[in-house]
Amino acid sequence: MLNVIKWATIIVIAGGLGLSVLHAMPPPQAAEALPQDTPPIVVIGPDADIVITGSKPQLRGGLWRFRRSPTLVYGGGSIRGFAFTTCLEDGALEQSLHKLAGDQSALPRGMICTRLKLKIEDGKIAGRRSCTTPSTMIGMDAINSRLDLSGRYNSKILNMNYLSESWGGSIDRGGGSGWNPARQSAQRWRVEATRIAECPVQRRLDQRTLEEAITRLFSANVNPDND
């Protein structure tokens with residue numbers, strides 16, 4: 001009560017002297033600062049299919065469409081391109097690529113492969129793995145191959161470039177060392193992937209299982225007539 005009377009008196013005196021009342025008022029109290037460790041609020045929009053936060057982008061689960069370009073065969077020839085869809089789960093982009101490469105499931109045709117080595121950061125993808133396909137014929141060498149993967153990604157699209165080089169498959173005809181050297185071949189193709197919807201309740205005609213997607217994405221000699 002005394003404080004009220006005191007400031008009322010000051011206001012009256014200040015008014016009588018022609019002074020501004022605002023200058024006579026006490027300074028406002030500063031707002032209390034937030035603690036230093038208060039976490040920031042991050043809002044991620046619903047349109048991001050690949051959420052890029054830090055060095056580990058997260059892939060949004062759902063129905064994804066993959067478009068594979070024609071496969072160019074070094075030395076001449078090509079295999080026409082095709083498209084298909086498959087359902088992917090929420091998870092890290094790196095983990096999803098490992099699944100699509102067959103690192104966590106059986107590989108086709110008895111292939112024995114090393115785990116796909118991946119480096120994913122700053123919107124870029126780089127990877128490599130080696131495989132061996134045992135021979136099914138007596139006297140024929142096993143086929144060894146190496147796959148190089150490169151690509152880019154953003155919040156809406158994933159682009160991957162593949163280069164597959166293989167050698168082997170030669171048949172021992174008794175001609176001595178170097179008479180029938182291992183045959184070498186190489187193929188190159190590109191894959192573009194986008195999320196198009198939630199996973200459907202009933203399977204679509206163009207939808208493939210994860211195991212079927214492995215061959216269609218990482219095999220150099222896939223038959224497009226199967227799609």
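The values are calculated or read from the model by the stated rules, or taken from the named source; none is laboratory data. Values in this document were obtained by computation on a predicted structure and should not be read as measured data. Heads up: the accessible areas ignore ligands, DNA and RNA and are worked out on the full protein's heavy atoms, side chains in. Shrake-Rupley method; radii C 1.70, N 1.55, O 1.52, S 1.80 Å.
The 1.4 Å probe gives accessible areas that order L118, L149, L205, largest first, as L205, L118, L149. Note on K156: accessible area is roughly 100 Å² with a 1.4 Å probe, heavy atoms of protein only. Remark: the range 202-218, residue by residue, has Karplus-estimated 3J(HN,Hα) of 9, 5, 7, 5, 8, 8, 10, 6, 4, 5, 5, 5, 4, 5, 5, 9, 10 Hz, where x stands for each Gly or Pro and the curve is 6.51 cos²θ - 1.76 cosθ + 1.60 at θ = phi - 60°. Ranking of T215, T136 by solvent-accessible surface, largest first: T136, T215 (1.4 Å probe, protein heavy atoms only, all chains present). Counting only residues at least eight positions apart within a chain, or on another chain, the lysines with an alpha carbon under 21 Å from that of K56 are K99, K117, K119, K124, K156.
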